[in-house]
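The structure appears below as structure tokens.
Since every read-out is calculated from the coordinates, none of them should be taken as a lab result. Fair warning: this is a prediction, and the values are worked out from it, not measured in the lab. Neighbour counts are summed over all protein chains in view; Cβ atoms, including those assigned to glycine, are modelled from backbone coordinates with ideal geometry.
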2 protein chains.
Amino acid sequence: MPRVSQDQLDARRHEILAAARGCFARFGYEGATVRRLEEATGLSRGAIFHHFRDKDSLFLAVAEDDAAAMVATVRRNGLVQVMRDLLEQARTSDGDTAGWLGSQLEVSRRLRTDPAFAKRWAERSAAIAEATRERLERQHEAGVLRDDVNVEVLTQFLELAYDGMVLHLATGRPAGELSRVLDVVEEAVRRP
Amino acid sequence: MPRVSQDQLDARRHEILAAARGCFARFGYEGATVRRLEEATGLSRGAIFHHFRDKDSLFLAVAEDDAAAMVATVRRNGLVQVMRDLLEQARTSDGDTAGWLGSQLEVSRRLRTDPAFAKRWAERSAAIAEATRERLERQHEAGVLRDDVNVEVLTQFLELAYDGMVLHLATGRPAGELSRVLDVVEEAVRRP
């Protein structure tokens, strides 16, 4: 049996994640059956679940991939930039971004009723919240931020706007004035 | 056969809506089967679907009920007050408010893929947006609102915050600092 290098394993894992994301975007969480995941990845269920324990793990791994990318953007440019990128993606991705966000909403009930699933999801959100809080604290020290409201409240304000954007795009509504709305959001946390 | 008065019909309709709301909150949209709707209402499917054409119509009627109450509150006290009420309900309703919001998220995929369903849902949202816009326009004329950003953008900013609150509560996250976050939201549309 030939040895498989770590690079090859990583590449395969990456391919599976990209194909699974498209499958969840198109069919939703429930609709992305193992059969459809096999078709989307071009791999057998045995090969897929060699890399990911089950469908939940695969779904959460796609979401963790997103979260890691978001944390990097938040550190560099802030959560408002994440929202601007998301808006741009939704404009250009032909429904895939909205579909993927929609599949995330589908699992909302499990976040209330399935503690193990909720815990793994919460770790992902916590990393983004933490990066947002750290960035706002640095901005606070630099005197860029308003100082009549504490950083925790401002962090949760930005998260509220992010959640609002997710729901807006996931339900397929037009972008409307969202780009200018994000200017209002950004300005609301800054020193006047 | 005894004549049934309009009042009796309205009362029956109201009872069905309340029971159906609880059923959707507890089991989600998919999980609220006709059997469970029969149990929740104490009526046969024949009796339920005498008042509502099908499960979709029943679900949308509950949502329209909400929308009518929201429009009344928006006219009187604004969309931020709707959010404050929702937060208070989520704190005191033992999961029912979160559950009902969660069942609304479950249908997110149909809003992108089922034009007839999406149209009925959009009419409900449009009434709330319209009431919000009208109220902001009155506030604008009264000189209470900031005037460097137009009313349409401010309307969509408030809607973004409302959507964010729905997603936050529907996924069962704790209220955290949301009450103070709403102060930031409210202040962001006002004249400094």
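Taking other C-beta atoms within 10 angstrom as a stand-in for reagent exposure, B:His140, A:His50 fall in the order A:His50, B:His140, fewest first. Relative intensity of segment B:17-124 on a log10 scale, I(q)/I(0) at q = 0.12, 0.14, 0.20 Å⁻¹, equals -0.44, -0.60, -1.14, per a Debye sum over C-alpha point scatterers of equal strength in the absence of solvent. Look at the stretch B:149-158: the mean tally of other chain Cβ atoms within 10 Å of its residues' Cβ atoms is 5. Per-residue shielding of A:181-187, expressed as the average number of other chain Cβ atoms within 10 Å of the residue Cβ, stands at 5. Inter-copy label distances at B:Glu141, using a point 7 Å along Cα-to-Cβ, come to 5.1 nm with the shortest given first. Each Lys and Arg adds +1 at its Cβ and each Asp and Glu adds -1 at its Cβ; summed about the Cα centre, chain A shows a dipole of about 480 debye. Separation of segment A:117-188 and segment B:142-192, taken as the distance between their Cα centroids, equals 12 angstrom. Here the label points at A:His50 and B:Asp10, each 7 Å from Cα along the C-beta direction, are separated by 6.8 nm in the simple model. Could you state the angle between the C-alpha long axis of helix B:115-141 and the longest principal axis of the C-alpha atoms of chain B, as a value from 0 to 90 degrees rounded to the nearest 10? In chain B, helix B:115-141 runs at an angle near 30 degrees to the longest axis.
Figure the gain on full extension for B:Asp148 and B:Glu134 (residue separation times 0.36 nm, minus the Cα-Cα span) and round it to one decimal in nm.
Full extension from B:Asp148 to B:Glu134 adds 3.2 nm.
Rounded to the nearest 10 degrees, the angle from helix A:178-189 to the longest Cα principal axis of chain A is 60 degrees.
Distances, shortest first, from the label point of B:Asp10 to those at the same position in the other copies read 6.8 nm; the point lies 7 Å along Cα to C-beta. Here each label is just a point 7 Å from Cα along the line to Cβ, and for A:Phe117 and B:Ala127 those points are 3.2 nm apart.
Helix A:55-77 axis versus longest C-alpha principal axis of chain A: approximately 30°, rounded to the nearest ten.
The distance linking segment B:1-47 with segment A:36-55 is 42 Å (Cα centroid to Cα centroid, whole angstrom).
Straight-line reach from B:Lys55: taking Cα to Cα under 19 Å and skipping same-chain neighbours fewer than 8 places apart, the lysines in range are B:Lys119. Along Cα-to-Cβ, 7 Å out, sits the label point; list in nm, shortest first, how far the one on A:Glu187 is from those in the other copies. Once sorted, the set of distances for A:Glu187 reads 1.6 nm. Along its principal axes, segment A:97-192 has C-alpha extents of 41, 34, 17 angstrom, given from the largest down.
Dimensions of chain A along the principal axes, based on C-alpha atoms and rounded to the nearest Å, stand at 64, 37, 33, largest first. In the protein assembly as shown, the DSSP-assigned H stretches of four residues or longer account for a calculated mean residue ellipticity at 222 nm of -26500 deg cm²/dmol, using -39500 (n - 2.57) per stretch and the full residue count as denominator.
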